[in-house]
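For reference, the structure is listed below as structure tokens.
The values are calculated or read from the model by the stated rules, or taken from the named source; none is laboratory data. Owing to the predicted nature of the structure, the values given are computational and were not obtained by experimental measurement. Quick reminder, even Gly has a Cβ in these numbers, built from the backbone with ideal geometry, and neighbours come from all protein chains shown.
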Amino acid sequence: MSTTTGVQPRTFSWLTDGFRDLLSFQKTPPKNRDEPVSVSDATQPTLETGPTAALLRMKEKKDTGAPISQKEWARLAQFVQMGAEFSPNRHISRESVVGILQAFRAAYKLRKPGGDEGKAAYYLNKFNTMGQDEDTIEAAVETHLDHAEWPIGNDARPLVVFLRDDDVTDEAALTAALLPYWDTLWRVAARGHFLVHNKPIRDERKLHAYEPTAATFIRESFVFSVIRCEDHDLTALLTFPGSTAAMYPLASYPDICEFRVMLAAIGEAPVGTHWNGDRLMAYTVGRELDAPASGLHFQGRGGVTFCFTFDQWNILRALFAEAWENPFLQSSWAVLTEEYGEL
């Protein structure tokens with residue numbers, strides 16, 4: 001079993017050099033409110049520190065109860081926007097969208113009186129996209145939240161624009177208002193950081209606290225082996241039943257995370273369902289379980305394809321459900337989710 005770990009390089013055609021420069025704090029694009037936004041040059045950390053270090057310092061402040069400035073919240077928010085808008089195949093969860101909107105509503109209540117009315121009109125326009133006619137920000141956001149469905153993707157922009165361009169009456173009050181939504185904001189920001197930089201938000205100073213650990217889970221000849229390596233990331237190997245005992249590696253947290261999402265999404269899907277992720281693909285081809293070509297096909301890296309009956313796929317789902325009841329895997333997963341975000 002290979003124990004090679006680390007994030008596998010990925011190329012996103014939608015990620016331009018301009019966005020990479022933006023998230024590396026090397027340049028600030030024009031402040032077009034409908035374009036990805038950045039904090040001002042004056043708030044950028046030096047290149048020696050970099051965006052990962054800046055986010056880690058902010059997290060340390062949150063953990064210790066130290067004051068967090070509006071500029072720091074704005075820096076976090078720009079990563080939230082990247083995480084919310086720029087996934088090639090999968091949106092953030094509805095729960096995260098709701099959390100971002102609630103964070104904006106809480107922050108907006110603290111804006112200084114007599115602010116730019118043009119900005120207020122901009123916010124209203126962002127939320128009045130489904131026939132709504134509310135004339136206050138709070139009412140527009142509330143109606144937006146009440147809708148079961150809405151276009152997901154640009155809901156982070158009002159929060160980013162507000163924290164970048166508006167002044168609040170009290171930065172301590174701003175921190176108090178936003179902290180209840182910290183988990184959501186950090187989760188989406190970490191996702192944005194990973195999509196842009198292909199690496200987690202990881203404090204390298206703390207890696208020595210993790211010892212390599214392994215666990216193996218077996219259900220009806222399906223085997224799922226997981227190793228936590230010295231960098232405390234996870235790498236796994238799936239062994240499928242049969243005369244050839246085929247094996248498929250899941251090289252890091254992003255691979256394992258996507259495989260779990262795929263298992264949950266397509267388990268009871270009707271015939272003809274396709275599931276496309278950043279790394280994996282699965283599709284159903286029939287319900288005649290005794291026919292060789294029917295069932296569910298899973299296509300991994302390099303186009304390698306495995307065929308399962310629906311019963312076998314459900315065994316695999318049960319195997320993963322059992323594995324995630326294990327304390328070692330639960331604790332490791334919690335740490336990695338905080339570093340990689342919502343993938």
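Results, tabulated for the structure shown:
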{"item": "Set Arg191, Arg219: member being of a type in the set (Lys, Arg), touching a helix residue (DSSP H, G or I) at 6+ places or on another chain (Cβ under 8 Å), in contact (Cβ under 8 Å) with a residue 12 or more places away in the chain and not assigned by TED's automatic domain parsing to the domain that holds Glu85", "result": "Arg219"}
{"item": "Count of residues meeting criterion [under 15 Å from the mean Cα position of the chain (by Cα) and part of a helix (DSSP H, G or I)] in segment 54-106", "result": "17"}
{"item": "Matching option when the condition is modelled with pLDDT under 90 and either outside the structural domain of Ala323 (by TED's automatic domain parsing) or under 22 Å from the mean Cα position of the chain (by Cα) (or both), among Glu204, Glu230", "result": "Glu204"}
{"item": "Filter pass, Phe224 being among the aromatic types (Phe, Trp, Tyr), crowded, with 16+ Cβ neighbours inside 10 Å and in contact with an Asp or Glu (Cβ under 8 Å, 6 or more places away or on another chain)", "result": "no"}
{"item": "Residue in segment 254-277 that is within 26 Å of Ala214 (Cα to Cα), outside any helix (DSSP H, G or I) and modelled with pLDDT under 85 present", "result": "no"}
{"item": "Thr184 vs. criteria at pLDDT below 90 and not in a loop (DSSP other than H, G, I, E, B)", "result": "no"}
{"item": "Long-range neighbours under 6 Å by Cβ, at least six apart or interchain, first residue within 14 Å of Ala189 (Cβ to Cβ) and of a type in the set (Phe, Trp, Tyr) within segment 147-168, second buried (at least 19 other Cβ atoms within 10 Å of the Cβ) and modelled with pLDDT under 85", "result": "none"}
{"item": "Residue selected from segment 110-131 under the condition over 27 Å from the mean Cα position of the chain (by Cα) and not in a helix (DSSP H, G or I), by the criterion modelled with the lowest pLDDT", "result": "Gly131"}
